[in-house]
1. Somewhere in the range 116-127, is a residue at pLDDT below 80, out of contact with any Leu (no Cβ under 6 Å at 6 or more places or on another chain) and polar (S, T, N, Q)?
2. Can you name the number of the only condition in (1) assigned by TED's automatic domain parsing to the domain that holds residue 164; (2) modelled with pLDDT of 85 or more; (3) surrounded by 10 or more Cβ atoms within 10 Å (Cβ to Cβ) that residue 102 fails?
3. How about the range 193-212: which of its residues are surrounded by fewer than 18 Cβ atoms within 10 Å (Cβ to Cβ), within 24 Å of the chain's Cα centre (by Cα) and either part of a helix (DSSP H, G or I) or of a type in the set (Ser, Thr, Tyr) (or both)?
4. For residue 264, are the conditions met, namely being farther than 22 Å from residue 185 by Cα, of a type outside the set (Gly, Ala, Ser) and in the same structural domain as residue 194 (by TED's automatic domain parsing)?
5. Any chance the range 7-22 includes a residue that's loosely packed, with under 11 Cβ neighbours inside 10 Å and aliphatic (A, V, I, L, M)?
6. Run down 260, 196, 204 and say which single residue is touching a Ser or Thr at 6+ places or on another chain (Cβ under 6 Å) and within 18 Å of residue 89 (Cα to Cα).
7. Picking from 203, 135, which residue would you name as being aromatic (Phe, Trp, Tyr) and without any contact (Cβ under 8 Å) to a residue 40 or more places away in the chain?
Amino acid sequence: MAVMPKGKPSRRDENRAQFARYKDDVKKRGKPFFPYAMFHDTIMSLVVVLVIIGLAVIWKWTAYGPHHNCADSGILGPCMGAPADPGTTDFVPRPDWYFYFLFYLLRIFKWPDSVFLGTVGVPNICLVLLLALPFLDRRRTRKLGERPVAIVAAVLVVLSMGVLTWKGATASEALQSEVKLHVGEWIKKENLPPDAVPGAKLFAVAGCTACHTYNGQGGSQLGAPDLTDIGSKNPSVPFHIKHLICPSCENAGSPMPPFASLGDERIRQLALFLVASKGTK
């Protein structure tokens, strides 16, 4: 019968001995995690929820005006702001503060070649490493000086998140689309008439280039066609007006959203621009 040589204890024996010391220490000096620590966590969570509810009640009661229109300014701000304009073209969307780091990553990883790496790759890789850390580093020591890798990694993560959040919060966003900078080039190449120029500027800021391309600008999404020479294919202004108001009515199954919220005047400007776009000569 083989006899195990005496020497360094196995990991299982170390774990059992450590657990025995933990139970003995709990009996002598402290209390176990369950239920005492969990009870404290539950109480603290309840306090946080009650504070949020209290702030919401103060905000609503102080902002609810005497005319019961919920529009007055209260201690924590107005109950309601101005109605949203669905046809706006100058609104610059910004995320909540806790997504500023991801927001600024989009300025580093440009669309379309590397944006997937910045928005999905980097955050998910960091998350996987964070979840795997307890399984990779199983040492029991808690002295910071004996864990240089973990300390350096934690400091780098905190610094990078802080810098990216600060840069995202202070980033100055241009009020005009980058595509709008090419409108002058479109006018020259397409020889657009004066009545088509307002529609060209509107086309650059109304989100059309999120799916369509025009003179090499924009992105082909969901099979959206290039509109550089759309005027030679559909030369009718009424057709474009009806198509912009209800795309699926004119083209069954079209995934294009309706643009009726832009208003009649701006829809006509877009239609004039599309009719004048007959391709570069």
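The values are calculated or read from the model by the stated rules, or taken from the named source; none is laboratory data. Keep in mind it's a predicted model, so treat the numbers as computed, not measured. Virtual Cβ from ideal backbone geometry, glycine too; neighbours counted across all protein chains shown.
1. Yes, the range 116-127 contains a residue that is at pLDDT below 80, out of contact with any Leu (no Cβ under 6 Å at 6 or more places or on another chain) and polar (S, T, N, Q).
2. Answer for residue 102: the failing condition is (2).
3. 210
4. In short, yes.
5. The answer is yes, given that some residue of the range 7-22 is loosely packed, with under 11 Cβ neighbours inside 10 Å and aliphatic (A, V, I, L, M).
6. Testing whether each residue is touching a Ser or Thr at 6+ places or on another chain (Cβ under 6 Å) and within 18 Å of residue 89 (Cα to Cα) leaves just 204.
7. The unique qualifying residue is 135.
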